[in-house]
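Below you'll find the structure, written out as C-alpha cells, and then a few comments.
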Amino acid sequence: MITQRLQRLTPYIPGEQPKDRPYIKLNANENPYPPSPRVAQALEVLAAHNPMNMALYPDPESAELRAAIADMLNQTGGVLCRTAVTHDGVCRPAPENALASPLTPDMLFAGNGSDEVLSFLFCAFFESDRPLVLPCHTYSFYPVYAAYYQIPLNPVPLHDDMSVDIPALIDAAQRTQSSIILANPNAPTARAVSREQIASLLDSCPRGQIVAVDEAYADFGTESALPLLSRYDNLVVVRTFSKSFSLAGMRLGYAAAQPELISALTKAKNSFNHFPCDIAVQTAGIAACSDVPYYVCTAQQITTEREAFTAFLRTQGWCVSDSQTNFVFVQKKPYEGRFLYEYIKQHGILVRHFAAEEIQNHIRITIGTEQHMRQLRQCLSDMPAAAYGS
Ligand SMILES: *Cc1c(COP(=O)(O)O)cnc(C)c1O
C-alpha cells in the first residue's frame, strides 16, 4: 500500500527524548532558558481575552510577525550575543553587523520551524537536473529533503580541521552550474566561516543559482550574512526561533531574501499549506521580538558558559575547536564517541553521537545552564581510564 516514492525516503532522526528517567538534555541544541516572560503573557491574553482568534484562520502571510522579525533583526544585525543594550533598553547591532539598509517585511518569509522553511526552499530553488553543492557533515536534514524532492547532491569534504572548504564549494558549483547550501555556523562541527567568505561564494556562484545560508546558530557567533542581502539577489538566509529564542516547542523559522525570492517561497507555501504559522505562534513570535534585551542576556549567558566549558575540556585533554554556536563538537582520544555518549547518559545527561565514520569519535554537547555544565564537568572529571571503555 506504500508508494515507491515513500519507500525510497530515509527520514531525519532528531535528538532522542527518552522518558525512562529525568535527563539533562544537552542533545538537541535547545535553549536551557525559558522564552521571554512577554511570550507567556501574550499567550495568556490570547487565551483569556481573544479566544475568538482561535476560531478564525490566522493571517496566512504572518504580516505583523514578519514586521516584528524585521524590527528585531534591525536591532541585532542577526547576532544577539554581540548586540549592545543601553540601560534604557535600546538595542543596536555591533558596528560590523549593522545592516546597510534596514530589512523590510517583504524580505521575510515565516514558516513552521526552519525545517519547513528549508523544505519550501528546496522545492522553490533547487533543480533536479544538476547536483546541489553542500559541505560533507552538515545539517542532516538537507539530504532528506534532497531525496524528497529528488535533487542529486554533491557533498564537498571539509578541511582537515573540520572547517568548511569555501574554494572547493565554489569549484564544485562552477563545474555543474549548481546552487549551494551550507549551515553557518556549521552543525554539528560548530565552526563558522566569515561573512567575507560567504561574499566570495556569492561572487563566484554561477549566474541564476542560489546560495542558501542556514543561520540557525548565528545569534551565538560573530557575524551574519544578513548585511549581504542588499548586495546579492540570489542569497537566502534561513533562521530559526528554536535555538536563540527558546521557542523550539512553538515551531517558528524564517527566511530573509530579496522580495522576488520571498514571493517564490510564498508560492511554495501556498501550494502546500496556507497557514503554517498558527495564531499562537504568531502571537508568541511577535512577543519574543519585542524583548530583544532579554534574549541578548540569555545568548550572552550561553556564550560565556560555552567559553568556560571549552577551557575546562581543554585542560582535561579534550580536543575542542572554537565554537560559534550553543554547542561544542568534541573528542577525547582514544575514547570512542559511542562510549563517551553512553558514559554521560548513565550519569543522567544526554548528548548527541553521530554514526558517520569520520565523526564517529566526536560527540556534540549543547551548552546548558551553569548548573547543567557543572554537573557535566563533574561527570567528565570522574571518567574512567580509556582502556576501560574503548
Ligand atoms: C536546529 C536546526 C534547524 C531546525 O530548526 P527548527 O526551526 O527547529 O526547524 C535548522 N538548521 C540547523 C542547522 C539546525 O541546527
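The values are calculated or read from the model by the stated rules, or taken from the named source; none is laboratory data. All of these numbers come straight from a predicted model, not from anything done at the bench. We place every Cβ from the backbone using ideal geometry, glycine too, and count neighbours over all the protein chains shown.
Sub-9 Å Cβ pairs linking a first residue in segment 367-379 that is within 19 Å of Lys243 (Cβ to Cβ) to a second residue that is in a helix (DSSP H, G or I) and small (Gly, Ala, Ser), at least 6 apart or interchain, are Glu370/Ala308; Met373/Ala308, ordered by first then second residue.
Evaluating Ala100 against the criteria (1) within 16 Å of the ligand (Cβ to nearest atom); (2) touching a Ser or Thr at 6+ places or on another chain (Cβ under 8 Å); (3) in a loop (DSSP other than H, G, I, E, B); (4) among the small types (Gly, Ala, Ser) leaves one unmet condition, (1).
Could we say that Asp160 is modelled with pLDDT under 95 and of a type outside the set (S, T, N, Q) here? For Asp160, the condition - modelled with pLDDT under 95 and of a type outside the set (S, T, N, Q) - is met. Name the residue that is farthest from Arg130 (Cα to Cα), counting only residues in segment 216-256 that are acidic (Asp, Glu) and either in contact with a Leu (Cβ under 6 Å, 6 or more places away or on another chain) or buried (at least 24 other Cβ atoms within 10 Å of the Cβ) (or both). By that ranking, first place goes to Asp219. I'm trying to understand the selection: among the residues of segment 157-175, which are touching an Asp or Glu at 6+ places or on another chain (Cβ under 7 Å) and either surrounded by 15 or more Cβ atoms within 10 Å (Cβ to Cβ) or charged (D, E, K, R) (or both)? The one that is touching an Asp or Glu at 6+ places or on another chain (Cβ under 7 Å) and either surrounded by 15 or more Cβ atoms within 10 Å (Cβ to Cβ) or charged (D, E, K, R) (or both): Leu158. Exactly one residue out of Asp219, Asp233 is farther than 26 Å from Ala355 by Cα, of a type in the set (Asp, Glu), within 16 Å of the ligand (Cβ to nearest atom) and touching a residue at least 24 places away in the same chain (Cβ under 8 Å): that is Asp219.
Every residue, every condition in (1) buried (at least 20 other Cβ atoms within 10 Å of the Cβ); (2) in contact with a helix residue (DSSP H, G or I) (Cβ under 8 Å, 6 or more places away or on another chain), yes or no:
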{"residue": "Val330", "(1), (2)": "yes, yes"}
{"residue": "His353", "(1), (2)": "yes, yes"}
{"residue": "Ala356", "(1), (2)": "no, no"}
{"residue": "Arg364", "(1), (2)": "yes, no"}
{"residue": "Gly368", "(1), (2)": "yes, yes"}
{"residue": "His372", "(1), (2)": "no, no"}
{"residue": "Leu376", "(1), (2)": "yes, yes"}
{"residue": "Asp382", "(1), (2)": "no, no"}
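Quickly run through segment 241-264 and pick out the residues that are under 25 Å from Val211 (Cβ atoms) and within 15 Å of the ligand (Cβ to nearest atom). Passing the criteria: Phe241, Ser242, Lys243, Ser244, Phe245, Leu252, Gly253, Tyr254, Ala255, Ala256.
Would you check if there is a residue in segment 284-296 being under 30 Å from Asp106 (Cα atoms) and of a type in the set (D, E, K, R)? Checking segment 284-296: at least one residue is under 30 Å from Asp106 (Cα atoms) and of a type in the set (D, E, K, R). Residue pairs whose Cβ atoms lie under 7 Å apart, sitting 6 or more positions apart in sequence or on different chains, and linking a residue in segment 270-299 that is under 14 Å from Gly253 (Cβ atoms) to a partner that is basic (Lys, Arg) and buried (at least 18 other Cβ atoms within 10 Å of the Cβ), are Pro276/Lys269; Val281/Arg251.
Listed here are the residues, each with its yes/no results for (1) in contact with a Leu (Cβ under 9 Å, 6 or more places away or on another chain); (2) polar (S, T, N, Q).
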site	(1), (2)
Cys319	yes, no
Phe329	no, no
Tyr341	yes, no
Lys345	no, no
Arg352	yes, no
Thr366	yes, yes
Glu370	no, no
Pro384	no, no
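Annotation for segment 231-238: at least one member residue is of a type in the set (Asp, Glu), more than 14 Å from the chain's Cα centre (by Cα) and in a loop (DSSP other than H, G, I, E, B). Hey, does segment 48-60 have a residue that's part of a helix (DSSP H, G or I), over 28 Å from Val211 (Cβ atoms) and either among the polar types (S, T, N, Q) or within 16 Å of the ligand (Cβ to nearest atom) (or both)? Yes, the conditions are met somewhere in segment 48-60.
Condition check for Thr86 on (1) within 16 Å of Tyr294 (Cα to Cα); (2) in contact (Cβ under 8 Å) with a residue 12 or more places away in the chain; (3) not basic (Lys, Arg): one failure, at (2). Scanning segment 34-45 for residues that are away from the ligand (no atom under 16 Å from the Cβ) and not in a helix (DSSP H, G or I) yields Pro34, Ser36. Among residues of segment 1-35 being without any contact (Cβ under 8 Å) to a residue 24 or more places away in the chain and either closer than 15 Å to Tyr341 by Cα or hydroxyl-bearing (Ser, Thr, Tyr) (or both), the one that is surrounded by the fewest Cβ atoms within 10 Å (Cβ to Cβ) is Thr3.
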